[in-house]
Amino acid sequence: MNDRITLREQLAGMAFAAPYIIGVAAFLVFPLAMSLYYSFCNYSMLQPPIWIGWDNYRDLLTDHAFHTALWNTIFYAAVSVPFTLTLSLLLALLLNEPVRGQGLYRTIVFLPSLVPLVASALIWQWLFNADKGLINAMLRPVLHVLGQLVLSPLAGALGADHATIESLRHLSPPVWLGDPHWAMAAIIFISFWGVGQTVVIFLAGLQDVPHELYEAAEMDGAGAIHRLFHITLPMLSPVIFFNLIMGVIGSWQIFDVPYVMTGGGPGRSTLFYSMYIFEAAFNQLRMGPACAMAWIQLLIILFLTVLAFASARKWVYYA
Amino acid sequence: MEAQESSRFTRVAHRVAIALVAIGAAAMLVFGDRPTTHLLPDGRAIHKRIVVSYWEEWTGFEGRAMEHIVNKFNTSQHHIFINMVEVSNVNIKTLISTAGGDPPDLVTIWSGIMGQFISYKALTNLNILLRQHVVTPHTFVPFAWKLCAPYGTLYGLPATTDPNALYWNKILFAKAGLNPDKPPTTLKQLSRMAARLTIIKPDGTIKQAGFLPMEPNWYAADWGIYFGNHIYNFKTGYFNIDTPQQIAAYRWVQSFSKALGYQEVDSFQSGFGEFNSPLNPFMDGQVAMELQGPFLANFINRNNPRLIGHYGVAPFPTSFGPPGAATFGDCDIWVIPRGAKHVQAALEVMKFFIQQKNLEYLNDKQAKPSPLMKTSAAYIRRNPNPYIQVFDRISRNPNVQSLPPSPIWPRVNGQLTVMANRIWMGASVVGQIRHAQFLADQWVQRENHLAALRLKRELHR
Amino acid sequence: MNRKPALRTHLLLLLAALAYVAPLLWMIDTSLKHEVQAVRIPPVLIPHPIRWQNYVHVLRDPQFDFSLFARNTLIIATLSALGAMLSSSLVAYSLAKIRWRGRGLVFGIVLGSMMIPFPVFMVPLYRIFRELGWIGTSLPLWVPAFFGIPFFIFLLRQFYLTIPRELSEAAVMDGCSHFGIWWRIMLPLTRPALLVVGLFSFMGAWNNFLGPLVYLTHQSTFTLSVALQVYQSRSGGTSYNLLMAASVLIIAPVLILFFLAQRTFIRGIATTGLK
């Protein structure tokens, strides 16, 4: 075939891509430009925008709520992403074992990731309920036994003071969503429940690892751990990389679960970045700061992605 | 062969299942409820009427009261149909939908957002009602009128008023050896009584508190009022936060948590039940005196009838005059957002709503005082609030202070609440007040600057 | 092979399965209890008597018009799925099978735009939809699907690339237009992939929360996700047995869909990570 692009081809190509090209103009480029413009404006959407320069960005420097939201999101991403990645990898390895009922196990682990996030937020809100929730109902006897029979005698043996021993005797479970630290922990915990899709991707990746590699390693007398670190992980690294990128992008946009479950509280302990943008824009009609924050979010995600791609050269193997 | 058979069976079963789901979905699409069917209370469909969409802020029994009036209107004539929807967070939802160009025709909003709405030009000017002599500046109690027409132009009509008063638990008074029929009349007396009404458990935790200014925490920003402060300067648009009266007020607020111990108060408050539950701290006897609105009486009737007859209500003491010399009052307001599609019809509805018998029905069902200056004796008689007369008298008082019609009030209010909470937990009173004043000044300055820019732009056109 | 590791694997699998399925079971369990029984301590494991009335109560709640919200959601999800399948396959075909100047750039935009977080668009799109008069309708939630979804374009392009060039070239020789090739060869050959796109976008629309929360201002247009949140946060609160019943009603269609198209689903997700 000749290499020249005929006019017909050019037109056909553009015609087929037309929906997207129009879409990009209408729903991507134009909104991006508008959003950037608004980020330098005072704009309530009820009155025309007024240019105020860098004020919105400057205000963010002293906005404590913004700092909290930023920090919470960084913390969430930094804890949740590595943990969910590790967990899904372990689950995938487990679900890859040829046992009876494998299909059923896989389905069960996958199901929660299909549940609408609003619904899962409600389910977990109920499970984490401090008084009546199932989790504390199970923790209470465990903590009781642990405190009475193990911790308080141990503290006594170690010569702790009376008050400490007494408090260990009456351990009570956390109030979860009512406590700033535990509320964050609860939200991170929920992210573990929705790893189904990541697990499936890992499982697919595991199918593609050539079996001969394992056989050869076994011949060489390599143990399971050795095989994991020297065959499975390197061969899986492109998949790990993909899941890492998706995890980072996703965790920076967490919204549904905290919005429904805690509304950002108690205090601002579970106020996340996207929630704060939403609040500024659609609760306070402060469209300018909302757009400024959204652009900062975009830049952060872009930076993290570039960072990931740059580091990928060091650890991702493409066969 | 067998395997093939079974796989064929699965395939058929699969197809049947998919077909069933598809049929179900199609049925849903065809026969499912449609948003456009409006029915009269007797079940008949409406015929050729203008549909006024109306957002009501109250759900539950308070919403039912409004629904009754709406039904009455819908059956009273044949031209207009009110489609009432109960919307949570109605202030914000209204702002957003107005910004989106598709607001409801009529809304009940909370007074604190009036200033923001007016400055955004998001409300329909209702001066025509003045010209038609439907209302005059003296139809409603002074503070309600001031909220609806803060600078002369009428932007809304009041539905119910919500002035504050002191509630006290007579059982706890008697137990503490106080005269159950004599509430405190000065702030000093209130502090002394609170101390006598406080019970500390042997382990140092609080069992019962006499008075906690931050329970409920809805009025955290308003304590200056009882010390003679006027938070808002209507002429300049600036806020009076750093004033001697405010400092005195918040020193007084802090004196309660300081006396009980900040930590102890904090853990005591975290154990309080929901407002709308029998475990409400006032109903439950954990707090002996509270500053509350008239609606609390309604919730006591519902959640803890045992308390009926065993609590009293009186004007709240002030530092500079008799009890009630200044009080905070709130108000529900009907407004027509800018861009509403049926303004004329919405005006007709409003006129119906503010008819004396309709307003009084609503006020009675919500156990609140009427915004009308002229009321009937029956309204006082029917009102389930045993202290409706106390509230009614407070509501008519020209010294009731309401929320400032400032465009930035929601933000300032937020900061004042943070300030009050920090002071409550032991932060420096003067430091916190200065900080709030500094921020509020900054916001006002910026708002003025923007207003000037806007004006310049409009003149330019 | 020794048997011990297998036993350990079984135990671990059982434990994991229990942890993942327990919340769903507890949801169903609570949804069948009486309000009082639901909050009893220690928890009652088996509801007695089983209260199917909870579901009737939810379906008949005047403030939670389930059949209206389900209809709204179904319309949005169906149209989104149709739109995404149609537009994304067209665009993907163009990017995979037609050689034209600028397609590299378009593909770059497809890849890049997947990274842009939704909040960046939230405000300006609201403005655009306002100018179009779409606020208060469900249009903002499904019309954009007809303009191609980057992720699905990418997915389908990878599928089209696996189809041998000779096939389409032969068709061109026979005088077949690109539209003909797309319609007669590509669509039938990539039906599984197309199904994945349809399924994913249907589920995405069904589960979407932030979009409806922002763009649907009138209760009569609410989707199930938003309605569920409103049901939970209405003043006075909603008791957990009813909330769980409502959750079951919202989750059930998704799970049924999954069980009907399980293989398509898993294959679809599996391929996303590998290309």
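The values are calculated or read from the model by the stated rules, or taken from the named source; none is laboratory data. All figures in this text were calculated on a predicted structure; none of them were measured in a lab. Heads up, the Cβs are rebuilt from the backbone with ideal geometry, glycines too, and the neighbour counts pull from every protein chain shown. Surface areas here come from the heavy atoms of the whole protein model, side chains and all, with no ligands, DNA or RNA. Shrake-Rupley method; radii C 1.70, N 1.55, O 1.52, S 1.80 Å.
Restricting attention to the stretch A:112-131, the residues that are under 20 Å from residue C:43 (Cβ atoms) and open to solvent by 20 Å² or more (accessible area, probe 1.4 Å) total 4.
Does residue C:179 qualify as being within 11 Å of chain A (Cβ to nearest Cβ) and of a type outside the set (A, V, I, L, M)? Yes. For the stretch B:143-193, a residue qualifies if it is in the same structural domain as residue B:248 (by TED's automatic domain parsing) and at positive phi, and exactly one does: B:177. For the stretch A:10-29, the condition of being within 11 Å of chain C (Cβ to nearest Cβ), open to solvent by less than 30 Å² (accessible area, probe 1.4 Å) and of a type in the set (Val, Ile, Thr) holds for at least one residue. Of all the residues that make up the stretch B:338-373, how many are open to solvent by less than 20 Å² (accessible area, probe 1.4 Å), farther than 16 Å from residue B:144 by Cα and assigned to a loop (DSSP other than H, G, I, E, B)? Number satisfying all stated conditions: 3. Evaluate the stretch A:37-46: report whether one residue or more is touching a Cys at 6+ places or on another chain (Cβ under 9 Å), in contact (Cβ under 8 Å) with a residue 12 or more places away in the chain and open to solvent by 20 Å² or more (accessible area, probe 1.4 Å). Checking the stretch A:37-46: at least one residue is touching a Cys at 6+ places or on another chain (Cβ under 9 Å), in contact (Cβ under 8 Å) with a residue 12 or more places away in the chain and open to solvent by 20 Å² or more (accessible area, probe 1.4 Å).
Condition test on residue A:216, is it under 14 Å from residue A:89 (Cβ atoms), part of a helix (DSSP H, G or I) and open to solvent by 10 Å² or more (accessible area, probe 1.4 Å)? Considered against the rule, which asks whether it is under 14 Å from residue A:89 (Cβ atoms), part of a helix (DSSP H, G or I) and open to solvent by 10 Å² or more (accessible area, probe 1.4 Å), residue A:216 comes out as no. Would you confirm, using the coordinates I've provided, whether residue C:87 is facing chain A (nearest Cβ under 9 Å), buried (at least 16 other Cβ atoms within 10 Å of the Cβ) and touching a residue at least 40 places away in the same chain (Cβ under 8 Å)? Answer is yes for this residue. Here residue A:63 clears all of (1) within 11 Å of chain C (Cβ to nearest Cβ); (2) at pLDDT below 90; (3) open to solvent by 20 Å² or more (accessible area, probe 1.4 Å) except the condition numbered (1).
Only one entry of B:265, B:313 meets the criterion of being outside any helix (DSSP H, G or I), more than 26 Å from residue B:94 (Cβ to Cβ) and among the β-branched types (Val, Ile, Thr), and that entry is B:313. Is it the case, given these coordinates, that residue B:382 is farther than 30 Å from residue B:300 by Cβ, open to solvent by 40 Å² or more (accessible area, probe 1.4 Å) and not small (Gly, Ala, Ser)? The answer is no for residue B:382. Candidates C:99, C:184: the one that is within 11 Å of chain A (Cβ to nearest Cβ), out of contact with any Ser or Thr (no Cβ under 6 Å at 6 or more places or on another chain) and open to solvent by 30 Å² or more (accessible area, probe 1.4 Å) is C:99. In the stretch B:95-117, the residues that are farther than 18 Å from residue B:414 by Cα and outside the structural domain of residue B:345 (by TED's automatic domain parsing) form no Cβ pair under 7 Å with any partner that is modelled with pLDDT under 90 and open to solvent by 10 Å² or more (accessible area, probe 1.4 Å), whether six or more places apart or across chains.
The residue list B:257, B:319 contains one member that is away from every other protein chain (no Cβ under 14 Å), in contact with a helix residue (DSSP H, G or I) (Cβ under 7 Å, 6 or more places away or on another chain), on the phi < 0 side of the Ramachandran plot and open to solvent by 60 Å² or more (accessible area, probe 1.4 Å), which is B:319.
Summed over the stretch B:163-207, residues that are open to solvent by 20 Å² or more (accessible area, probe 1.4 Å) and either more than 19 Å from residue B:315 (Cα to Cα) or of a type in the set (Phe, Trp, Tyr) (or both) total 16.
Residues that are of a type outside the set (A, V, I, L, M, F, W, C) and more than 10 Å from chain C (Cβ to nearest Cβ) within the stretch A:255-285 comprise A:258, A:262, A:264, A:265, A:266, A:267, A:268, A:269, A:270, A:279, A:283, A:284, listed in sequence order. What number of residues within the stretch A:86-110 satisfy the criterion of being in a helix (DSSP H, G or I) and within 7 Å of chain C (Cβ to nearest Cβ)? Going through the stretch A:86-110 one residue at a time, the tally reaches 5.
Close contacts from the stretch A:6-17, counting a first residue that is farther than 10 Å from residue C:106 by Cβ and a second that is open to solvent by 90 Å² or more (accessible area, probe 1.4 Å), with Cβ to Cβ under 8 Å and a gap of 6+ residues or different chains, come to A:10/C:101. In the stretch C:205-226, the residue that is nearest to residue C:120 (Cα to Cα) out of those that are open to solvent by 10 Å² or more (accessible area, probe 1.4 Å) and in a helix (DSSP H, G or I) is C:210. Residues considered: A:130, A:155, A:160, A:183. Of these, the only one that is of a type in the set (A, V, I, L, M), more than 14 Å from chain C (Cβ to nearest Cβ) and outside any helix (DSSP H, G or I) is A:160.
Against the definition (open to solvent by 30 Å² or more (accessible area, probe 1.4 Å), in a strand (DSSP E or B) and charged (D, E, K, R)), how does residue B:235 come out, yes or no? Answer is no for this residue.
Whether any residue in the stretch B:274-293 is in contact (Cβ under 8 Å) with a residue 12 or more places away in the chain and on the phi > 0 side of the Ramachandran plot is what I want to check. Within the stretch B:274-293 (the criterion being in contact (Cβ under 8 Å) with a residue 12 or more places away in the chain and on the phi > 0 side of the Ramachandran plot), the answer is yes, since at least one residue qualifies.
Quick one: would you say residue B:94 is farther than 15 Å from residue C:63 by Cα, open to solvent by less than 10 Å² (accessible area, probe 1.4 Å) and outside any helix (DSSP H, G or I)? Against the criterion (farther than 15 Å from residue C:63 by Cα, open to solvent by less than 10 Å² (accessible area, probe 1.4 Å) and outside any helix (DSSP H, G or I)), residue B:94 does not qualify.
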